[in-house]
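Asks: The following block contains the structure, expressed as structure tokens.
Computed from the coordinates by the stated procedures, all read-outs in this text should not be read as laboratory data. Owing to the predicted nature of the structure, the values given are computational and were not obtained by experimental measurement. For neighbour counting, all protein chains shown are included, and Cβ atoms are generated from backbone atoms with ideal geometry for every residue, glycine included.
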Amino acid sequence: MSTLLVITGTTASGKTGAALELARRLDGELVGCDSVQVYRGLDIGSAKPTAEELGGVPHHLLDVVEPDAAIDAMQYAALADAAIADIVGRGRLPIVVGGTGLWLRALLRGLVALPAPDPVLRARLDAEVAHLGTPAMHARLRAVDPLAAEGIHPHDAMRIVRALEVLEQTGVPLGTLRAAHALGAPRHRALVVALDRPRDELYARIDARIDAMLDAGWLDETRGLCARHGPGIRALGSVGYRELVAHLRDGVAWTDTVAAIRKSTRVYTRRQRTWIGSDPDVAFHATPASLLGPEGDARISDFLEISGR
């Protein structure tokens, strides 16, 4: 069992900057936990740190799959385990950083055992999605499994169908199964810190970051990805990219596109907060300043001492 420091939190909360500072102080290396930064070419829109920003600090699990490839939580956990073992083997501290809640849970607790997809049931649910639309199916899911629905975007047809499928197969809501599993035995010794900021401050940071990413060429990045891989790949369904795809493919007005990116990013941070608030692994909540100050230093030092590192 390895000893980890985990920095999680909402989008734009300052996770990467705080993790980099801790890596420099603690002789650590970063292990990403971001379901968009793992893709090659999705750089600007995922706020992927540049080599200059990293300043020589190794950051594992960036750019590990092509944009048209699939990667799930189980595959992520296997990749993260390998990176962590490598870091520990060289006598350094793994610092996991990212806000993809399901992936973090897979790394720290493993995944709940679920039945294999049922082709007949899956085909029926897919047909219902095509007929009724994903928002209606999401509303159905929310009525029977609010825990799962809270963490699924209303337009994420694949995950909506899977949650409804599991409920029909097992008779138990997927959210309930995952919540129960979260209380299982840990796979690593981890101090999990959740970064947060006051809502108005966070929203201002989100807006400023979106403006900076658009100025840096986010639309051109998305146009190039569409040209190389097609607009329908799963990676381009992530927050921000899907709105830019709609602008390029469907002619959505630019002002409406930017407003939609801001709105969907804020909605995503609310879902992240809900997930983090229910996560039993989170040891404490902090702002970046408090994490990097005396209070954070004391908590981290105590954890590393108890862990024998």
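Asks: Whole-Hz ³J(HN,Hα) for each residue in segment 47-58, computed from phi via Karplus 6.51 cos²θ - 1.76 cosθ + 1.60 with θ = phi - 60°, x for glycine and proline: what do you get?
Replies: With the stated coefficients, segment 47-58 comes to 6, 5, x, 7, 4, 5, 5, 5, x, x, 6, x Hz.
Asks: Subtracting the Cα-Cα distance from 0.36 nm times the residue separation, let me have the gained length for Arg189 to Gln169 in nm, one decimal.
Replies: Gain in length upon complete extension: 3.8 nm.
Asks: Just to confirm a number: summing +1 for Lys and Arg and -1 for Asp and Glu over residues other than Gly17 whose beta-carbon lies under 14 angstrom from that of Gly17, what do you get? If you can, show how the numbers build up before the last one.
Replies: Values: positive: Lys15, Arg24, Arg25, Lys48, Arg197, Arg205, Arg209; negative: Glu21, Glu52, Glu53.
Its environment carries a net charge of +4.
Asks: 222 nm [θ] for the chain, helices only, -39500 (n - 2.57) per DSSP H run of 4+, per residue, to 500?
Replies: -17500 deg cm²/dmol
Asks: Could you rank the peptides 225-234, 188-197 by their average count of other C-beta atoms within 10 Å per residue, with the highest value first?
Replies: Ranked from most to least packed, the peptides come out as 188-197, 225-234.
Asks: Okay, moving on. In nanometres, what is the gap between the two model label sites at Arg40 and Asp220, each 7 Å from Cα along Cα-to-Cβ?
Replies: Between Arg40 and Asp220, the label points sit 2.1 nm apart.
Asks: Counting only DSSP beta bridges with both residues in the chain, tell me the antiparallel percent, nearest 5. Show your work: numbers first, answer last.
Replies: Values: 0 of 22 bridges.
Bridges in the chain that DSSP calls antiparallel: roughly 0 percent.
Asks: Given a Förster distance of 51 angstrom, what is the FRET efficiency for Trp254 paired with His285, based on the Cβ-Cβ distance and rounded to 0.05? Show your work: numbers first, answer last.
Replies: Working: r = 37 Å, r/R0 = 0.72.
According to the calculation, E is roughly 0.85.
Asks: Based on the Cβ-Cβ distance of Arg140 and Asp68, what FRET efficiency does E = 1/(1 + (r/R0)^6) give at R0 = 45 Å, to the nearest 0.05?
Replies: It comes to 0.90.
Asks: Per 0.36 nm of contour for each residue apart, how much would the distance between His155 and Asp211 grow if the chain were fully extended, relative to their Cα-Cα spacing?
Replies: My answer for the length gained is 17.7 nm.
Asks: If you stretched the chain out fully between Gln75 and His131, how much longer would it get, using 0.36 nm times the residue separation minus the C-alpha to C-alpha distance? Display every interim value, and only then the final one.
Replies: Details: separation 56, 0.36 × 56 = 20.16 nm, distance 3.23 nm.
Extra length from Gln75 to His131 when fully extended: 16.9 nm.
Asks: Hey, what's the Kirkwood Rh for the chain if you take every pair of different alpha carbons, in angstrom? It would help to have the intermediate numbers written out before the result.
Replies: Numbers: mean 1/r = 0.0490 Å⁻¹.
It is 20.4 Å.
Asks: What distance in nm separates the simple spin-label points at Asp200 and Ala116, each placed 7 Å from Cα in the Cβ direction?
Replies: For the pair Asp200/Ala116, the computed spacing is 5.6 nm.
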